[in-house]
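Undergrad: Pasting a structure here, questions to come.
The values are calculated or read from the model by the stated rules, or taken from the named source; none is laboratory data. Model, not experiment: these values are computed from the prediction. Cβ coordinates were reconstructed from backbone atoms using ideal geometry, including for glycine residues, and neighbour counts include every protein chain displayed. Side chains included, ligands, DNA and RNA excluded: accessible areas come from the protein's heavy atoms. Shrake-Rupley method; radii C 1.70, N 1.55, O 1.52, S 1.80 Å.
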Amino acid sequence: MIKLIEESTEYLQSKGFESPEVGIILGTGLGQLLNEVEVIAEASYNHIPNFPTATVEFHKGKLVYGILGGKKVVVMQGRFHVYEGYSLQDVTFPVRIMEKLGVKTLLVSNAAGAINHDFKKGEIMLIDDHINLQGSSPLAFKGVDKLGERFTDMSAPYNLDINAKIKDIAKANNIKLHEGIYASVVGPQLETRAEYRMLRTIGADAVGMSTVPEVIVANHLNLKVAAVSVLTDECDPDNLKPVDIAEIIAMAGKAESNMITLFKELIKSL
Ligand code: HPA
């Protein structure tokens, strides 16, 4: 894997991706942050050597390098999911590339269902901790110890100082920001009523199909991490309606402006 990482990194450096400080992963339906980036270079996923091959729906997936909040950033527009058939190592490969390029801080966003009944769709949640329900680990492979500590500490996977800053920024900008625990499932099917009840019982506040693998690998690489969920639907098992994925994606787009403010102001303050 070390050789593959070097190859991909060298390709991006040759395209002008020069020592970004902050990496950003944009979740499904959450692409508008890119409008705020002063773009310097771009690379389509299907042109980057060793990148997981983008699926049809993600043929637009690309890595963007530029300036945001006065800092050099690299942004993943579109991420890879286990439910598309990728391995956890594939899903997290871009995080290893970002780190190799020079990234020290990783900001992650996702669209998620609200499990906590006090959280409403359209609101956002700062992830304070997570529960991995994807059945395996992106660190479960031979040779992982050549890339970092195999038994990666996860006592505080989301950086406490950055989270404190994000909460201050939310207050200063009158943004309602919940804080809670994100559970990641494989999907792509949505949850049953019984599964939503279970998620609530085990302490989840939101559920989605991403983020946790990338955060585990970011911790493996000692990156500072923060992540925000845009809540797109309310998972109330006693009033569950059939889900409409188009509605979920549309809700993500409507609610993302607050997330953009948080990320932009945070980057300025780093
Ligand atoms: N479950 C899983 N993933 C999701 C959901 C959900 O209810 N909403 C948005 N992503």
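Undergrad: If I filter segment 251-268 for residues that are in contact with a helix residue (DSSP H, G or I) (Cβ under 9 Å, 6 or more places away or on another chain), open to solvent by 60 Å² or more (accessible area, probe 1.4 Å) and within 12 Å of the ligand (Cβ to nearest atom), do I get at least one hit?
TA: Checked segment 251-268: no residue is in contact with a helix residue (DSSP H, G or I) (Cβ under 9 Å, 6 or more places away or on another chain), open to solvent by 60 Å² or more (accessible area, probe 1.4 Å) and within 12 Å of the ligand (Cβ to nearest atom).
Undergrad: Being out of contact with any Leu (no Cβ under 8 Å at 6 or more places or on another chain) and either at pLDDT 95 or above or among the β-branched types (V, I, T) (or both) narrows it down to one residue among N219, N239; which is it?
TA: N219
Undergrad: Is it fair to say G23 is over 27 Å from K3 (Cα atoms) and either modelled with pLDDT under 95 or assigned to a strand (DSSP E or B) (or both)?
TA: Answer is no for this residue.
Undergrad: Do you know which residues across segment 140-160 are open to solvent by 50 Å² or more (accessible area, probe 1.4 Å) and in contact (Cβ under 8 Å) with a residue 24 or more places away in the chain?
TA: Selection gives A140, K146, E149, D153, M154.
Undergrad: Would you confirm whether or not segment 103-113 contains a residue that is in contact (Cβ under 8 Å) with a residue 12 or more places away in the chain, within 14 Å of the ligand (Cβ to nearest atom) and over 28 Å from N174 (Cα atoms)?
TA: No, there is no match, as no residue in segment 103-113 is in contact (Cβ under 8 Å) with a residue 12 or more places away in the chain, within 14 Å of the ligand (Cβ to nearest atom) and over 28 Å from N174 (Cα atoms).
Undergrad: Can you name every residue in segment 239-270 that is touching a residue at least 24 places away in the same chain (Cβ under 8 Å) and farther than 16 Å from I169 by Cβ?
TA: Of everything in segment 239-270, those that are touching a residue at least 24 places away in the same chain (Cβ under 8 Å) and farther than 16 Å from I169 by Cβ turn out to be L240, V243, I248, I249, A250, M251, A252, G253, K254, A255.
Undergrad: Within segment 228-238, which residues are near the ligand (Cβ under 10 Å from one of its atoms) and open to solvent by 60 Å² or more (accessible area, probe 1.4 Å)?
TA: Result: E234, single match.
Undergrad: Under 8 Å by Cβ, and 6 or more places apart or on different chains, what pairs join a residue from segment 222-238 that is part of a loop (DSSP other than H, G, I, E, B) with one that is small (G, A, S)?
TA: N222/G148; L223/G23; C235/G113; C235/A114
Undergrad: Considering only residues of segment 161-183 that are more than 12 Å from the ligand (Cβ to nearest atom) and closer than 20 Å to C235 by Cα, which is surrounded by the fewest Cβ atoms within 10 Å (Cβ to Cβ)?
TA: Checked segment 161-183; the qualifying residue surrounded by the fewest Cβ atoms within 10 Å (Cβ to Cβ) is K176.
Undergrad: Keeping to segment 1-26, report how many residues are open to solvent by 10 Å² or more (accessible area, probe 1.4 Å) and touching a strand residue (DSSP E or B) at 6+ places or on another chain (Cβ under 8 Å).
TA: 6
Undergrad: Sticking with this structure for a sec: Kindly establish whether K241 is closer than 25 Å to L106 by Cα and more than 11 Å from the ligand (Cβ to nearest atom).
TA: no
Undergrad: While we're on this one: Take the residues of segment 184-227 that are more than 12 Å from the ligand (Cβ to nearest atom), open to solvent by less than 20 Å² (accessible area, probe 1.4 Å) and of a type outside the set (V, I, T): which is farthest from H81 (Cα to Cα)?
TA: L223
Undergrad: I need the full set of residues from segment 185-244 which are touching a Ser or Thr at 6+ places or on another chain (Cβ under 8 Å) and charged (D, E, K, R), in order please.
TA: Scanning segment 185-244 gives E214, K224.
Undergrad: Can you tell me which residue in segment 62-117 is surrounded by the most Cβ atoms within 10 Å (Cβ to Cβ), limited to those that are among the hydroxyl-bearing types (S, T, Y) and part of a helix (DSSP H, G or I)?
TA: T92
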